[in-house]
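As structure tokens, the structure follows; a few thoughts come after it.
The values are calculated or read from the model by the stated rules, or taken from the named source; none is laboratory data. What you see is a predicted model; the values in this text were computed from it and never measured. So basically every Cβ, Gly included, is an ideal-geometry build from the backbone, and we count neighbours across all protein chains shown. Just the protein is used for accessible areas: all its heavy atoms, side chains included, with ligands, DNA and RNA removed. Shrake-Rupley method; radii C 1.70, N 1.55, O 1.52, S 1.80 Å.
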Amino acid sequence: MNIKILSRNTDLYSTKRLVEAAEKRKHNVEVIDHLKCDLVIERRKPSIVYKGEVLSDTDAIIPRIGASVTFYGTAVVRQFEMMGAFTTVDSEALVRSRDKLRSLQVLSRAKIGLPKTVFTNYSRETESVIKQVGGTPLVIKLLEGTQGLGVVLAETKNAAKSVIEAFNGLKARVIVQEFIKEAKGADIRAFVVDGHVVGAMKRQGKEGEFRSNLHQGGSAEVIELSDEEEIAAVKAAKAMRLGVAGVDMLQSSRGPLILEVNSSPGLEGIERATGKDIAKTIIRFIEKHV
Ligand SMILES: Nc1ncnc2c1ncn2[C@@H]1O[C@H](COP(=O)(O)OP(=O)(O)OP(=O)(O)O)[C@@H](O)[C@H]1O
Ligand SMILES: [Mg+2]
């Protein structure tokens, strides 16, 4: 089979592991930088020109599209779809997953547990917003934030008010969210492939830190999910229509609450924590569907 991995950097752990796993299973695999693809659109014959050459038959692609290049990356994925290639992440699902707010709305409709969340158009009714999520402590998140940057815990009403007003003043969009204290600075990442959890880890923030992000000094270890957690992870991936997904959730007193569903989840943390060959699982998922 001809497999192409859409990735900007061949040295990334996830990219290297996917190449390795595909070669081990005797596939032709190539890493393509999606930003260097020209899309040729004409009647009934879509094609892609890469570094001056028309790309030959591609059976399947594995998109690893960074958040900063979602627009162009999605167009490339869509072009491969039009050319008949199977993709581990379809272009529609990719776009949907990148819009945090829309994702929460989709998950809510699918009756999946979520921390209560408010989004406003820079409302001046800050007190009402705070009241909606059950008062303080609460979490304020920059809509564009990632890796724990722009996630703030406001312990008092005054703190919450001034932080929300400061972000509003900067015209930076935020969501205001109920703080899940019982999570104790930890969250769970469940890696879902083709409707099954293939690995899960618990990430714990460093001492005194409520954010569990590894980039903020957190650590990860393998975890056995409860049935309820496993069902929530699978349901969330399905609601987002993602064949491969990293589902992040918090353990709360009312069960698992989904924080986010990632469409390009990294392999390094999860493979190291679980000792599992997740790259191989992704390649087998492709084999099953092509
Ligand atoms: N409502 C909440 N209650 C308790 N802890 C939270 C809550 N929201 C987030 N956290 C903690 O903060 C961490 C970072 O939050 P989140 O994952 O939402 O943002 P991010 O990692 O910056 O963004 P992204 O996951 O989109 O890259 C979470 O992993 C979790 O440990
Ligand atoms: Mg996160």
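Any idea which of (1) within 20 Å of E271 (Cβ to Cβ); (2) more than 22 Å from the chain's Cα centre (by Cα); (3) not in a helix (DSSP H, G or I) is the one S56 doesn't satisfy?
(1) is the only condition that S56 fails.
Any idea which of (1) over 19 Å from F71 (Cα atoms); (2) assigned to a loop (DSSP other than H, G, I, E, B); (3) under 21 Å from the mean Cα position of the chain (by Cα) is the one K45 doesn't satisfy?
Condition not satisfied by K45: (3).
Restricting attention to the range 127-185, and to residues there that are away from ligand 2 (no atom under 13 Å from the Cβ) and hydroxyl-bearing (S, T, Y), which single residue is farthest from F210 (Cα to Cα)?
S128
Picking from K4, K16, K26, which residue would you name as being part of a strand (DSSP E or B), more than 19 Å from N262 (Cα to Cα) and of a type outside the set (V, I, T)?
Step by step, each of K4, K16, K26 is checked, and only K4 is part of a strand (DSSP E or B), more than 19 Å from N262 (Cα to Cα) and of a type outside the set (V, I, T).
Can you tell me which of (1) touching a residue at least 40 places away in the same chain (Cβ under 8 Å); (2) part of a loop (DSSP other than H, G, I, E, B); (3) in the same structural domain as V49 (by TED's automatic domain parsing) is the one I62 doesn't meet?
(2)
Return the residue satisfying two criteria in turn: it lies in the range 1-39 and is free of Cβ contacts under 8 Å to residues at least 24 places away in the same chain and under 21 Å from F86 (Cβ atoms), and of such residues it is surrounded by the fewest Cβ atoms within 10 Å (Cβ to Cβ).
K26
Any idea which of S128, S103 is assigned to a helix (DSSP H, G or I), open to solvent by less than 20 Å² (accessible area, probe 1.4 Å) and among the polar types (S, T, N, Q)?
Details: S128 fails: open to solvent by less than 20 Å² (accessible area, probe 1.4 Å).
The conditions single out S103.
Against the definition (in contact (Cβ under 8 Å) with a residue 24 or more places away in the chain, more than 15 Å from the chain's Cα centre (by Cα) and not assigned by TED's automatic domain parsing to the domain that holds Y13), how does S264 come out, yes or no?
On the way: in contact (Cβ under 8 Å) with a residue 24 or more places away in the chain: yes; more than 15 Å from the chain's Cα centre (by Cα): no; not assigned by TED's automatic domain parsing to the domain that holds Y13: yes.
So S264 fails the test.
What do you reckon, is E209 among the charged types (D, E, K, R) and more than 11 Å from ligand 1 (Cβ to nearest atom)?
Details: among the charged types (D, E, K, R): yes; more than 11 Å from ligand 1 (Cβ to nearest atom): no.
For E209, the condition - among the charged types (D, E, K, R) and more than 11 Å from ligand 1 (Cβ to nearest atom) - is not met.
In the range 128-166, what residues are β-branched (V, I, T) and touching a helix residue (DSSP H, G or I) at 6+ places or on another chain (Cβ under 6 Å)? Talk me through it step by step, then tell me what you get.
So in the range 128-166, the residues β-branched (V, I, T) come out as 129-130, 133, 136, 139-140, 146, 151-152, 156, 163-164.
The answer is I130, T136, I140, V152, I164.
Which numbered condition in (1) of a type outside the set (D, E, K, R); (2) within 12 Å of ligand 1 (Cβ to nearest atom); (3) over 11 Å from I130 (Cβ atoms) is the only one that V176 fails?
Condition not satisfied by V176: (3).
Pairs please, first residue from the range 174-186 and in the same structural domain as V139 (by TED's automatic domain parsing) and touching a residue at least 40 places away in the same chain (Cβ under 8 Å), second anywhere and part of a helix (DSSP H, G or I) and within 16 Å of ligand 2 (Cβ to nearest atom), Cβ atoms under 9 Å, 6+ apart in sequence or on different chains.
Every condition considered, the pairs that remain are I175/K100; I175/L101; I175/L104.
Give the residues of the range 154-173 that are within 15 Å of ligand 1 (Cβ to nearest atom) and open to solvent by 50 Å² or more (accessible area, probe 1.4 Å), sorted by residue number.
Matches in the range 154-173: E155, R173.
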